[in-house]
Amino acid sequence: MLSNYELYENRYPGCACDIPAHTYTFPFEPNPDWSGYYSYAPEIQEYFIRFYTKYNLEPFVVLGTEVVAAEWHDLEGKWHVQLKRKDGSTFEDTCNVLINGSGVLTKWKWPAIDGLHDFKGVLAHSAYWPQDLDWTDKRVAVIGTGSSSIQMVPKLAATASSVTVFMRNQTYIAPQFGANVTNKEADPAAMDPAAAGKHQYTEKEKQRFRDDPEYHLEYRKKVEGSIVGGWDMFNRGTDLNIQVRELMQNQMRDRLGNREDLKERIIPTWSPGCRRLTPGEGYLEALIKENVTCNFDGIDGVNATGLLTGKGEQVDVDILVCATGFDVQYLPHFRIVGLGAQVMQDQTTPNVYASIAAPGFPNYFVINGPRGNWGQGCALPSHETQMEYILQCCRKMQEDQIKSMHPKEKITTQLNAYEDAWHEKSVNGRIHIWPGSLLHHLKYLKRPRYEHYEIDYKDPDNVFAFLGNGRTISQVKHGAGAPVPYIRNDEDTPWDIE
Ligand SMILES: Cc1cc2nc3c(=O)[nH]c(=O)nc-3n(C[C@H](O)[C@H](O)[C@H](O)COP(=O)(O)OP(=O)(O)OC[C@H]3O[C@@H](n4cnc5c(N)ncnc54)[C@H](O)[C@@H]3O)c2cc1C
Ligand SMILES: NC(=O)c1ccc[n+]([C@@H]2O[C@H](COP(=O)([O-])OP(=O)(O)OC[C@H]3O[C@@H](n4cnc5c(N)ncnc54)[C@H](OP(=O)(O)O)[C@@H]3O)[C@@H](O)[C@H]2O)c1
């Protein structure tokens, strides 16, 4: 039986998507029923469960089973995957192609702060949240200023007796995305998207989305376009970059009222985009509330009753929340052994080709890998495009009798040498973000460039083995009645022969 902490991760108060709900869907699976401009975690979960049921995915899914290791056996051309069930029993399975979709934000961690577990009150993490926690009239401390903290602080501040936010770094709170996209045509009473977190779609708007898929599509395109269209602001030194930086800084100053202390400590000097931009509905307004204190003194340690600041002051609290993030190392959390017994986890920095494949690790693909679309907009369009890319590779391997493919080391190194706008805030590390816009990333991945891959045929002495006996599958299946799809009325009608 799981405790009320463990059922699912990321169920902290205010947990939501921070890009508009109508774009936080699979691009081919719209949802006319989103209740508001941003959707909260339970509604997002419902969407994905509906998707799972609609497409009858259950037979293809093994739940409660962890991948603990995977090793490539080159002679056989197969991955041997070690798996562990919830009851601790283990087993092995094999596959020709291993697709790693294990996410990056799945391994949450407690911060390395002295005495953290000596705390006698309630200790929570944004990803490990006790569902029965009531913070009304309680003294709460929140460590961190990332997106999780930004979403939870307004909710906590609404009823807690006090909230102390321990801050180490600056962060941008962005204006609402798509604030100029109106939906008055569907309902003159439609709320302005600028109302963001307070924004709810009216029944009339939702009905129009349901009844008129073309209208809904146009609406979704406008919202997505308003996010994607902002790409140029991430180009360091451009007019737009400078203008947007000033605009955001000024907006933050306005929202922080007369709190000069906070303006100095919170508003970044670097460009927007160096850290994920989040609209942070109500966050700055919460920080200036009477019951909220921002503490910049650092944390020396935690003890039974609270935190000891770097200035030696004790801050006693009832609830200590670590909104301190995940173990994001961009390397899989399970051991992967590739060609020549090389271990991916031994790499000091991931050497991944275009976020999707790795030299030395044949038939291994990643969804949402390093050097992917981490900087702009929604992750889901890249997930779909990456999956289609992988399917194209699988199809080629299957049809052309290829044993394995993996990207060439030299090409991968060349590609990874491309720098980007995100580099401004890096001190000396590599930036694991695609060096271009979301559209640029999707276009690159729309078709595999097989010339960038080392390709091993099943029979290297007969690479044309796939030609078989000169007849196509369609002829074997249908004999003299095999279809002739190249005969058509219109040049643009696609055709293929099975
Ligand atoms: C609170 C929060 C809000 C976010 N909001 C947005 C947003 O608004 N827009 C956006 O684009 N992105 C957002 N993100 C980023 C988000 O992570 C991605 O959008 C999306 O969830 C990534 O999907 P994924 O399938 O790659 O990984 P995940 O959704 O993390 O799924 C990975 C799955 O793999 C499983 N797994 C991991 N390791 C193993 C293993 N060894 N064996 C078996 N299974 C394993 C995990 O249990 C999990 O089910 C948000 C992230 C968080 C934490
Ligand atoms: N899109 C969304 O709606 C949404 C919502 C939540 C999360 N997410 C995603 O999930 C990921 C994780 O977000 P997150 O907010 O959980 O984590 P995060 O972005 O990694 O932020 C962690 C915060 O904790 C601070 N911190 C960590 N260890 C600390 C310590 N020992 N002492 C003091 N402060 C410490 C960090 O300070 P420094 O800044 O100084 O390092 C940072 O402010 C991000 O990629 C984010 O985009 C997205």
**Request:** Go through (1) among the hydrophobic types (A, V, I, L, M, F, W, C); (2) modelled with pLDDT of 95 or more; (3) closer than 19 Å to residue 253 by Cα one by one and return the number of the condition residue 160 breaks.
**Result:** (3)
**Prompt:** Which one of these does residue 31 not meet: (1) crowded, with 19+ Cβ neighbours inside 10 Å; (2) free of Cβ contacts under 8 Å to residues at least 24 places away in the same chain; (3) out of contact with any helix residue (DSSP H, G or I) (no Cβ under 6 Å at 6 or more places or on another chain)?
**Reply:** (3)
**Request:** For residue 49, state whether it is β-branched (Val, Ile, Thr) and away from ligand 2 (no atom under 16 Å from the Cβ).
**Result:** yes
**Prompt:** How many residues are part of a loop (DSSP other than H, G, I, E, B), buried (at least 23 other Cβ atoms within 10 Å of the Cβ) and not hydroxyl-bearing (Ser, Thr, Tyr) when one looks only at the stretch 161-177?
**Reply:** 1
**Request:** Find all pairs meeting these conditions: Cβ atoms under 8 angstrom apart; at least six residues apart or on different chains; first residue within the stretch 202-222 and basic (Lys, Arg); second residue surrounded by 20 or more Cβ atoms within 10 Å (Cβ to Cβ) and assigned to a helix (DSSP H, G or I).
**Result:** 208/216; 210/216
**Near pairs, Cβ below 9 angstrom, 6+ apart or cross-chain, from the stretch 369-380 (free of Cβ contacts under 8 Å to residues at least 24 places away in the same chain) to any residue that is crowded, with 24+ Cβ neighbours inside 10 Å** = 379/372; 379/373
**Item:** Residue count for the stretch 118-176, restricted to those that are more than 15 Å from ligand 2 (Cβ to nearest atom), farther than 30 Å from residue 241 by Cβ and out of contact with any Asp or Glu (no Cβ under 6 Å at 6 or more places or on another chain)
**Value:** 18
**Asked** Quick check: is even one residue across the stretch 93-110 surrounded by fewer than 18 Cβ atoms within 10 Å (Cβ to Cβ), away from ligand 1 (no atom under 14 Å from the Cβ) and acidic (Asp, Glu)?
**Response** no
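Assess whether residue 366 counts as being buried (at least 21 other Cβ atoms within 10 Å of the Cβ) and of a type in the set (A, V, I, L, M).
yes
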**Prompt:** Can you tell me which residues in the stretch 55-78 are within 14 Å of ligand 1 (Cβ to nearest atom) and either within 17 Å of residue 456 (Cβ to Cβ) or of a type in the set (A, V, I, L, M) (or both)?
**Reply:** 57, 61, 62, 63, 67, 68, 69, 70
**Message:** Looking only at the stretch 132-142, filter to residues that are of a type outside the set (Phe, Trp, Tyr) and in contact with a helix residue (DSSP H, G or I) (Cβ under 8 Å, 6 or more places away or on another chain); which one of those is nearest to ligand 1 (Cβ to nearest atom)?
**Reply:** 142
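Which fully enclosed strands (runs of 3 or more DSSP E) of the stretch 241-351 have 1 or more residues being charged (D, E, K, R) and in the same structural domain as residue 127 (by TED's automatic domain parsing)? So that I can check it myself, show each step before the final result.
Details: elements: 292-295, 299-302, 306-309, 314-316, 319-322, 335-337.
Where strands (runs of 3 or more DSSP E) fall fully within the stretch 241-351 and carry at least 1 residues being charged (D, E, K, R) and in the same structural domain as residue 127 (by TED's automatic domain parsing), they are 299-302, 314-316.
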**Request:** Please go through the stretch 309-368 and pick out each residue that is among the small types (Gly, Ala, Ser) and in contact (Cβ under 8 Å) with a residue 40 or more places away in the chain.
**Result:** 323, 325, 338, 354, 355, 357, 358, 360
**Residues that are over 26 Å from residue 378 (Cα atoms) and surrounded by 12 or more Cβ atoms within 10 Å (Cβ to Cβ), drawn from the stretch 39-73** = 65, 66, 67, 68, 69, 70, 71, 72
**Item:** When residues of the stretch 85-110 are limited to those that are over 18 Å from residue 333 (Cα atoms) and assigned to a loop (DSSP other than H, G, I, E, B), the one nearest to ligand 2 (Cβ to nearest atom)
**Value:** 97
**Scope the stretch 330-358; condition loosely packed, with under 15 Cβ neighbours inside 10 Å and hydrophobic (A, V, I, L, M, F, W, C); matching residues** = 339, 341, 343
**Fill in**
Residue pairs within 8 Å by beta carbon, gap of at least six or interchain, first lying in the stretch 97-108 and over 15 Å from residue 360 (Cα atoms), second surrounded by fewer than 17 Cβ atoms within 10 Å (Cβ to Cβ) and charged (D, E, K, R), listed first then second, are 107/327; 108/327
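The values are calculated or read from the model by the stated rules, or taken from the named source; none is laboratory data. The structure presented is a predicted model; accordingly, all values stated were derived computationally and were not measured. As a convention, Cβ positions derive from the backbone with ideal geometry for all residues, glycine included, and neighbour counts pool all protein chains shown.
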